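The values are calculated or read from the model by the stated rules, or taken from the named source; none is laboratory data. Just so we're clear, the structure is a prediction, and the values are computed from it rather than from any experiment. FYI the Cβ positions are ideal-geometry reconstructions off the backbone, even for glycines, and counts take in every protein chain you see.
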Amino acid sequence: MSQHSRTAVFSAGSWGTAVAKVMADAGGHVTVHARRAEVVEAINTAHRNPAYFPEVELPASLTATTEPTAALDGADYLVLSIPAQALRANLTAWAPHIGPDTVIVSLMKGIEVTSGKRASQVIAEVTGVSAERIAVLSGPNLAGEIMEGQPAAATVACPDEATARRVQAACLTPYFRPYTSTDVVGCEMGGAVKNVIALAVGTATGMGLGHNATAVLITRGLAETTRLAVAMGANPATLAGLAGLGDLVATCSSPRSRNRTFGTHLGHGLSVEEAAAATRQTTEGVKSAEAVLALARAHGADMPITDVISALLHEKVTLDQAAAALMQRPPKPEH
């Protein structure tokens, strides 16, 4: 199945590099597209990505190039791991070079702010590729742990089960176990909204609130994520699985999570700009919060945590007001 598959991974960020390693370890030939020539050089000669994982040796079957066309040549899979807000413009340039049978796999966990569209929708719109050739990989996947070969699992979702199984085989290793699903909406919404909830958890942690508060935010955060996803056509079981609860717990619990870290900076009293400078890497939840809230309003889904975080990010409420709003909801039946 995957033993001689060819995969192009765009680009060489932390998660893209981790999935590139997984797919090479699964027996495939992987070409990573990176913008910076020095990153390409380091991957090809030293078998390392100095920008993100200088200490981890990459497989010999993983190479890199600055040329999108070279990366895409003969690719069975195109794995996209770029910021959600940059997807449309970049993919428009790459689309003419995508092969007629290439399966596109999205790793992106954000909502396009301008359109409110999920990554798979943007991919279909820009490339004209049918939904049966677009898959989504989502789950509790902290890139650093996967690079270390620590056990992890994920969900591969595609409307076409056969395609989902092909992608599953292409990234199945002793340490990385993908499960299949046909619920693309559930997987993408779980991945996008958990980043917003992680901002809330980080903010609460930064303010010195304890594990009880974190547990409340994770639980109620999952409830509001599920409300929106189901309103959009998702299966509620997906949100109770790896792409929902699993991803949410990992992102909200780990100091390695960018969104939680960003929230922690906010909780310490930093401004949005200062938190962005301190976090350094792309923090999808910051951009997606507004888009998620717009979707919630369009679908009539109540999302109080997302509401508060969006207001905090746009400086419509103070930190103290945000904390009060997060933890002092009016009492009502739980379900």
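General remarks:
- The stretch 44-63, residues that are in contact with a Ser or Thr (Cβ under 7 Å, 6 or more places away or on another chain) and either farther than 19 Å from M23 by Cβ or among the hydrophobic types (A, V, I, L, M, F, W, C) (or both): F53
- Verdict on V230 being surrounded by fewer than 19 Cβ atoms within 10 Å (Cβ to Cβ), at pLDDT 95 or above, not assigned by TED's automatic domain parsing to the domain that holds I123 and not charged (D, E, K, R): yes
- Cross-chain or 6+ apart pairs with Cβ under 7 Å, the stretch 162-182 first and over 14 Å from A135 (Cβ atoms), then surrounded by fewer than 20 Cβ atoms within 10 Å (Cβ to Cβ): Y175/G149; Y175/Q150; Y175/P151; R177/A153
- Here G110, G128 are screened, and the one residue that is modelled with pLDDT of 95 or more and in the same structural domain as F10 (by TED's automatic domain parsing) is G128.
- If the condition is being out of contact with any Ser or Thr (no Cβ under 8 Å at 6 or more places or on another chain) and free of Cβ contacts under 8 Å to residues at least 24 places away in the same chain, then the stretch 279-293 contributes only R280.
- Members of the stretch 148-199 that are in contact with a Pro (Cβ under 8 Å, 6 or more places away or on another chain), closer than 23 Å to K117 by Cα and surrounded by fewer than 24 Cβ atoms within 10 Å (Cβ to Cβ): T182
- Condition met for A24 (under 23 Å from P140 (Cβ atoms), in contact with a Pro (Cβ under 8 Å, 6 or more places away or on another chain), of a type outside the set (K, R) and at pLDDT 95 or above): yes
- Selection within the stretch 112-161 - acidic (D, E) and either under 25 Å from Q85 (Cα atoms) or without any contact (Cβ under 8 Å) to a residue 60 or more places away in the chain (or both): E112, E125, E132, D160, E161
- Checking each residue in the stretch 303-317 for being surrounded by 12 or more Cβ atoms within 10 Å (Cβ to Cβ), part of a loop (DSSP other than H, G, I, E, B) and over 22 Å from the mean Cα position of the chain (by Cα) picks out only V317.
- Residue in the stretch 236-248 that is surrounded by fewer than 22 Cβ atoms within 10 Å (Cβ to Cβ) and more than 26 Å from V22 (Cβ to Cβ) present: yes
- Exclusive hit being assigned to a helix (DSSP H, G or I) and of a type in the set (D, E), set E38, E57: E38
- Restricting A135, A51, A71 to those that are touching a Cys at 6+ places or on another chain (Cβ under 8 Å) and surrounded by 15 or more Cβ atoms within 10 Å (Cβ to Cβ) reduces the list to A135.
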